[in-house]
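Okay, structure first, notes after.
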Amino acid sequence: MTPQQLQTIQLSEKLSALEASNTIYLDLSALYDRPLHVHTKLVEHLPDNLINFINLEHLVLTGFYSLRSLSVLFSLTKLKTLELSLCDALGNEIDIQWLKKIAVLSLKVCCYSPAKPITHFEQLTQIGKLTNLTKLTIYDLTQLVSLSGIEKLTNLTELSIRSCYGLVCIDAITTLPNLTKLELLDCDSLSKLDGLILLQKISYLWLCLPRYSGSYKEITQLINLETLEIDGKVCKQLTSLNDFYKLKKLQRLSLLGGSKLLSLNGIENLLMLTELTINGCHQLKNIEALSSLDKLAELAIYDCPQLKDIKVLNSLNKLTELNIIECNAIDNIDFAQWQVPECLKKLTLYHSGNLHLFNIVKLINLTTLILIGKSRENKTTWCSIEDIGELLSVQELLLARSITIHSLKPLKKLSKLTTLNLADRQIVLVADTKTLQLQYLEYIHLTGCEQLENINVQNLLPKLIKVPIDHEGQ
């Protein structure tokens, strides 16, 4: 028996076992409404007993380097989603007729080697025949130069192209009448987006183009945008957001690497904005324009080292989630100044210096609190453990090199706490947890607590399901 025959038999047996079992891949009660993952290298044909999965809707094939036929899929009349990863041989020899019913197709690294001939996948000529496609994802097709052929997919609503380093032209997508979601990520050779303005139905756009040389202003003409994520050279052109005034429907905005952005002037025109992420804007000093965003609920600011004044946060009365990461010029936050501090549900702070948190007890509805300091030698406490113990709604608590902790007793009122994560070499003593009465606690994680002397979780069992402890103490 050849290795190929052996693996085919093993795969067939695996499928038979899946038919008779309730697994994460196939659920008998739902009749296989979860993805089926099968992995093997030598199989050239899918086993015949795959046709028994008559209600299979999602199929993922990974590592089928020798697979040459998908004919068995023709019998799976309900199959709508197909993901092909590392299926090199399919690119040249696939007969597209077996896939005509597919609505969602994902291709990843099919014919990866540059030494191999250009495949049907990388020309997209065959894919253009799949007129039922509504969603297409293409990863790592290194020889893909243009999207010629894709214009025939008139039902396509979502297109994601990632790490196609040879792609230089996307003109073909400008004729797709129903396209609403477009992702172009890490396509290193793509320097222009000619005709992007024609995609007036686009509501979701994510661009990460390292060598982009065109203007960002075409983006500002897509008036139906609801989600916009831009980074790389697209974002580096921005000095303000004044040109975004036409994007009246924008709800989610993410800016990464806006190295020339000094302020957020112009963002006051985006009155529908509910989520904002600012990352790597190293010259940003002024965010006062946020005061006009009455609907802003989630704000994340990463790696903005010049930003110091964040008093504008006091006026954001709908803010439910705040993440401030590595903005080390900020030295204090006073929650007593907030108009509606009780709105905040999740707070994450990562700071490399000394940060002072005043009146954190005002955050009475906080459910998640994550405070992470960087320096293990920093002995300054951001706030007191007693103040944190007054946050009665907290369910998830992570404290790492930020709070001086000698005992867990101040946390005994946190009756809703389910997750406790402590990482600090300065923790000297943790009291017996039987005094805490944390009846909902399911997860304790202790790491780097080198001086830890006493902890007893026996009282919490069997409710406690995870207790990873990583320290060198007693």
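The values are calculated or read from the model by the stated rules, or taken from the named source; none is laboratory data. Since the model is a prediction, treat every value here as computed from it, not as a measurement. Here the Cβ positions follow ideal geometry from the backbone for every residue, glycine too, while neighbour counts run over all protein chains shown.
From Leu261, Leu207, Leu255, Leu313, which residue is within 30 Å of Cys343 (Cβ to Cβ) and within 22 Å of the chain's Cα centre (by Cα)?
On the way: Leu261 fails: within 22 Å of the chain's Cα centre (by Cα); Leu207 fails: within 30 Å of Cys343 (Cβ to Cβ); Leu313 fails: within 22 Å of the chain's Cα centre (by Cα).
Matching residue, one of Leu261, Leu207, Leu255, Leu313: Leu255.
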Practice problem: Report, by residue number, each residue of the stretch 384-400 that is part of a loop (DSSP other than H, G, I, E, B) and within 29 Å of the chain's Cα centre (by Cα). | Solution: Leu391, Ser393, Val394, Gln395
Self-check item: Candidate set: the stretch 320-354, residues that are of a type in the set (D, E, K, R) and over 20 Å from Gly373 (Cβ atoms); chosen: the one surrounded by the most Cβ atoms within 10 Å (Cβ to Cβ)
Solution: Lys345
Self-check item: Test result for Thr239, surrounded by fewer than 17 Cβ atoms within 10 Å (Cβ to Cβ), within 24 Å of Ser160 (Cα to Cα) and among the β-branched types (Val, Ile, Thr)
Solution: no
Quiz item: Of all residues in the stretch 272-301, how many are of a type outside the set (D, E, K, R), surrounded by fewer than 17 Cβ atoms within 10 Å (Cβ to Cβ) and more than 19 Å from Tyr204 (Cβ to Cβ)?
Solution: 5
Quiz item: Which condition does Leu76 not pass, out of (1) out of contact with any Phe, Trp or Tyr (no Cβ under 7 Å at 6 or more places or on another chain); (2) at pLDDT 75 or above, if it passes all the others?
Solution: (1)
Self-check item: Where Val168 falls short, out of the listed (1) closer than 19 Å to Leu124 by Cα; (2) in contact (Cβ under 8 Å) with a residue 24 or more places away in the chain
Solution: (2)
Quiz item: Conditions: (1) in contact with a helix residue (DSSP H, G or I) (Cβ under 8 Å, 6 or more places away or on another chain); (2) within 27 Å of Lys295 (Cβ to Cβ). Glu390 meets all but one. Number of the miss?
Solution: (2)
Quiz item: Within the stretch 204-234, which residues are surrounded by fewer than 18 Cβ atoms within 10 Å (Cβ to Cβ) and among the polar types (S, T, N, Q)?
Solution: Ser213, Ser215, Gln221, Asn224, Thr227
Practice problem: Among what's in the stretch 119-131 and is in a loop (DSSP other than H, G, I, E, B) and surrounded by 16 or more Cβ atoms within 10 Å (Cβ to Cβ), pick the residue that is modelled with the highest pLDDT. | Solution: Leu130
Quiz item: Based on what the data block shows, is Lys108 modelled with pLDDT of 80 or more, within 21 Å of His58 (Cα to Cα), among the basic types (Lys, Arg) and out of contact with any strand residue (DSSP E or B) (no Cβ under 6 Å at 6 or more places or on another chain)?
Solution: no
Quiz item: What residue, among those in the stretch 64-83 that are part of a helix (DSSP H, G or I) and touching an Asp or Glu at 6+ places or on another chain (Cβ under 9 Å), is nearest to Trp98 (Cα to Cα)?
Solution: Ser71
Quiz prompt | Pair list, Cβ under 9 Å, 6 or more apart: the stretch 223-236 residue over 12 Å from Leu253 (Cα atoms), other residue part of a loop (DSSP other than H, G, I, E, B) and of a type in the set (Asp, Glu) | solution = Gly232/Asp186
Practice problem: Please find, within the stretch 387-410, the residue that is farthest from Ile325 (Cα to Cα) out of those that are surrounded by fewer than 20 Cβ atoms within 10 Å (Cβ to Cβ) and either among the hydrophobic types (A, V, I, L, M, F, W, C) or touching a Phe, Trp or Tyr at 6+ places or on another chain (Cβ under 7 Å) (or both). | Solution: Leu392
